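To start, the structure itself, in structure tokens.
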Amino acid sequence: MKLAEKETAPRRKTGRPLSFDRDVALEQAMLTFWRHGYETTSIVDLTTAMGITAPSLYTAFGDKKQLFLESARRYAGDPEAITEMLDQAGTSCDGARAMLISAVTAFTSDATPKGCLLASATASGSSASADVQRAIADIREGITARLRARITRDVETGILPADINVAAVAGMVMAIIQGMSVLARDGMDRPELHAIVERTLQAWPVCRK
């Protein structure tokens, strides 16, 4: 936002300060959506997990949809961190391996629900609003675009052959991540998922451990 816009924008009413830790409450909301999905998570589920009242939820986060979207962004993390991780990887294959291993670790942690919040959030039905589904798709597409860019760099530097289908290779990684989320929710353990990661990377055009 430009300085001039800041000066002319109407001031937002501050109101009373929150009586709870907003960051802690958001973390609990994220875990609740992660565990139950968007559609089946009720306001009562959220307020119980967050330890706040419904009026406090609406004041701090807007409504259930806005709270979910903020939870999804928190779950996905800083997009630039993904870019940095891929840039620092020796090759795009190394970056893909790091993404896949990180996903396995997150999907099978004892400290969080199994699987992926982005995959499970709207899996319980199709009644989630179109903008919620679009927001989830946008997050996934952003991650995919960063992986495609890293693969393209390897093509341009000669690490990968010029005739590979960059979109298909990046799509394969994302499909495996989403599939492993479902398998983790079904109870597949970490070693079995790691085996899937290594088998997947055998299909990479050029990938060395």
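Nothing in this text is a laboratory measurement; each read-out follows from the coordinates by a stated rule. Keep in mind it's a predicted model, so treat the numbers as computed, not measured. Reconstructed Cβ throughout: ideal geometry from the backbone, glycine too, with neighbour counts over all protein chains shown.
Details
- Meets criteria (surrounded by 19 or more Cβ atoms within 10 Å (Cβ to Cβ) and within 13 Å of Met99 (Cα to Cα)) for Val173: yes
- Of residues in region 87-105 being buried (at least 19 other Cβ atoms within 10 Å of the Cβ) and under 14 Å from the mean Cα position of the chain (by Cα), the one farthest from Gly187 (Cα to Cα): Met99
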